[in-house]
1. Which FRET efficiency value, to the nearest 0.05, is calculated for Thr151 and Asn109 with the Förster distance at 30 angstrom and r the Cβ-Cβ distance?
2. Can you give me the solvent accessible area of Glu46 with a 1.4 Å probe, rounded to the nearest 10 Å²?
3. What are the ³J(HN,Hα) couplings of the range 38-52, residue after residue, when phi is run through the Karplus curve with 6.51, -1.76, 1.60 and θ = phi - 60°? Round to Hz, x for glycine and proline.
4. Please turn the phi angles of the range 61-71 into ³J(HN,Hα) values with the Karplus equation 6.51 cos²θ - 1.76 cosθ + 1.60 (θ = phi - 60°), one per residue in order, whole Hz, x for glycine and proline.
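The values are calculated or read from the model by the stated rules, or taken from the named source; none is laboratory data. In this text the structure is predicted, and so the values were computed from the model without any measurement. As a convention, Cβ positions derive from the backbone with ideal geometry for all residues, glycine included, and neighbour counts pool all protein chains shown. Note: areas computed on protein heavy atoms with side chains; ligands, DNA, RNA excluded. Shrake-Rupley method; radii C 1.70, N 1.55, O 1.52, S 1.80 Å.
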Amino acid sequence: MEKKLYKYGILILFILTGMTSKGQDMSQLVQKVKAKLDLVNDYVAEGRMKTDVAFIKAPIGKIRVYFKRPDLFKLKRQNGISILPKGGVSVSLSSIISTKDYIALAAGNAIVDGVNTRIVKLLPVNENSEIILTTLYIDEAALLVKKAITTTKENGTYEMQLFYGQYTGYGLPDKVIFAFNTKDYKMPKGITLEFEDNEKPTEADRVKGRKGKVEITYTSYMINKGLDNSIFKQSN
């Protein structure tokens, strides 16, 4: 009996050790990705934004995006709606994985945009975190996040798919597709929208147009030129 219990104990210890090892490996992978992103202290990016939300009439418009480590982010659109991420919701990957207070778990592999990726689930240690769970699809060879799915307490689940090109060395995408469920957003938290007709959608409007998508294509970045924190203050 004692021998059997001992064998079971060794087996359980072996399984737990293997799980811990995988967790450590994933933490190391995420830290490598973060180290690449941390090469960028700040940037100003120019680009175009396309908004696909049922209750918003918004043509493709030029945008300017500001970012400063660890999590300052602002997006301004010329002559149209603007998107101001709040409450843990951001189209900036650096903002999403800026914290070290998480447990990283291996969750298999998946093909994303033709690339084999490692799936990593990040569970925040802080119970007061707005983010409940983040799932990263990481191109291990290039140390790039190809897709990120984040579930929050207040603003539902949103997904980012990232495409890279000229600024791959910095981990900065050429294109980001940000998808979300409009019903889950509680205005003005999450994504705050300034509507062209100055009328916010009703709850019925949000339910009707349940899926929303914002597509951002970057045309240029100015990296590590220095940004003052005043840039990120709410403007009227």
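1. 0.90
2. Looks like 50 Å² after rounding.
3. Residue by residue, the range 38-52 yields 6, 5, 9, 7, 6, 7, 10, 10, 9, x, 10, 10, 10, 10, 10 Hz.
4. x, 6, 9, 10, 10, 10, 9, 9, 4, x, 8
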